[in-house]
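The values are calculated or read from the model by the stated rules, or taken from the named source; none is laboratory data. As the structure is a prediction and not an experimental result, all values here were calculated from the model. Cβ coordinates were reconstructed from backbone atoms using ideal geometry, including for glycine residues, and neighbour counts include every protein chain displayed.
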Amino acid sequence: MDRLKSRLSFTLIAVILGFMLAIQFQTVKKPEERDTRDIWQLREALLKEKEIQANLIAEIRSNEEKLAAYESSREQSKEKTLRDTLQELKIEVGLTEITGAGITLVIEPVLEDPGIGSETKHTVPSELLRRLLNELNMYQAKYVSIDGQRIINTTVIREIQSETKIDGHSIKSLPIEVKVVVNDMEGAEKLYNNLQVSKSRDEFFIEGFRLNVLTPSPSITVPAYENPIRIRFMEPVKEGGGS
């Protein structure tokens with residue numbers, strides 16, 4: 001019995017060894033795969049790879065140029081926006097000359113003698129000018145000048161020693177012109193018609209002045225404000241938004 005077991009074990013070991021030898025023989029016998037392409041095919045493949053690489057490099061450079069152009073365009077756009085904003089602010093404040101559709105008013109003394117003891121006046125009262133400005137603003141006037149002086153939000157019209165001054169400019173002689181610019185000719189026509197029946201004309205006449213309203217024109221020029229603008233109660237904002 002023991003001998004039979006020994007033979008079976010020996011046989012099993014022999015079979016395993018034979019199977020392992022067969023596998024090893026097949027592995028050694030199988031030839032290693034080799035690149036059988038000739039030198040011209042290899043060169044052609046190399047050229048194709050180099051062409052692909054060149055195309056990739058060209059595409060990368062093109063994208064970089066596009067990014068650089070985009071950044072440059074964005075910076076130029078920012079600069080243009082700042083310039084446009086600055087110009088708009090100058091126009092709004094009154095620091096630029098304006099030409100557009102509008103009308104001209106002429107203030108002159110009444111030459112007729114309306115009554116005994118009256119005398120010709122040479123200075124327009126500041127109150128009359130302020131009322132006229134209020135009425136012009138009510139009729140959608142955008143830009144106004146009086147006697148060549150641009151009227152802005154901070155303009156002061158007052159009398160000093162019986163002499164009317166506009167931001168320090170003295171109105172010493174008559175006639176004087178009031179230039180008014182509006183949005184368009186339609187607005188100029190409307191302003192002209194409103195002033196024809198305006199109370200201001202009666203008020204000026206009572207004070208000894210005639211307010212003449214000239215025909216609307218598509219080209220009325222209002223000069224720029226020339227006096228320094230004083231800014232009060234304002235401080236530059238610190239960087240970062242802190243106070």
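This table checks each residue for (1) over 22 Å from T96 (Cα atoms); (2) part of a strand (DSSP E or B).
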position: V124; (1), (2): yes, no
position: E177; (1), (2): no, yes
position: A188; (1), (2): no, no
position: F205; (1), (2): yes, no
position: P218; (1), (2): no, yes
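All conditions in (1) in contact with a strand residue (DSSP E or B) (Cβ under 8 Å, 6 or more places away or on another chain); (2) more than 18 Å from V144 (Cα to Cα); (3) of a type outside the set (F, W, Y); (4) in a loop (DSSP other than H, G, I, E, B) hold for R210, with the sole exception of (4).
Look through S145, S217, S198 and report the one residue that is within 19 Å of S126 (Cβ to Cβ) and modelled with pLDDT of 90 or more.
Working: S217 fails: within 19 Å of S126 (Cβ to Cβ); S198 fails: modelled with pLDDT of 90 or more.
Going through S145, S217, S198 in turn, the sole match is S145.
Regarding E135, is this residue within 34 Å of the chain's Cα centre (by Cα), part of a helix (DSSP H, G or I), under 18 Å from I107 (Cβ atoms) and among the acidic types (D, E)?
Against the criterion (within 34 Å of the chain's Cα centre (by Cα), part of a helix (DSSP H, G or I), under 18 Å from I107 (Cβ atoms) and among the acidic types (D, E)), E135 qualifies.
Count of the stretch 161-195 residues, restricted to those that are at pLDDT below 90 and exposed (fewer than 13 other Cβ atoms within 10 Å of the Cβ), is 5.
The numbered conditions (1) out of contact with any Asp or Glu (no Cβ under 6 Å at 6 or more places or on another chain); (2) surrounded by 10 or more Cβ atoms within 10 Å (Cβ to Cβ); (3) not in a helix (DSSP H, G or I) are all true for A101 except (1). Tell me which residues, restricted to the stretch 125-138, are crowded, with 17+ Cβ neighbours inside 10 Å and without any contact (Cβ under 8 Å) to a residue 60 or more places away in the chain. Hits for the stretch 125-138 are S126, L129, L133, L136. Only one entry in K78, K48 is surrounded by 10 or more Cβ atoms within 10 Å (Cβ to Cβ) and within 30 Å of T96 (Cα to Cα), namely K78.
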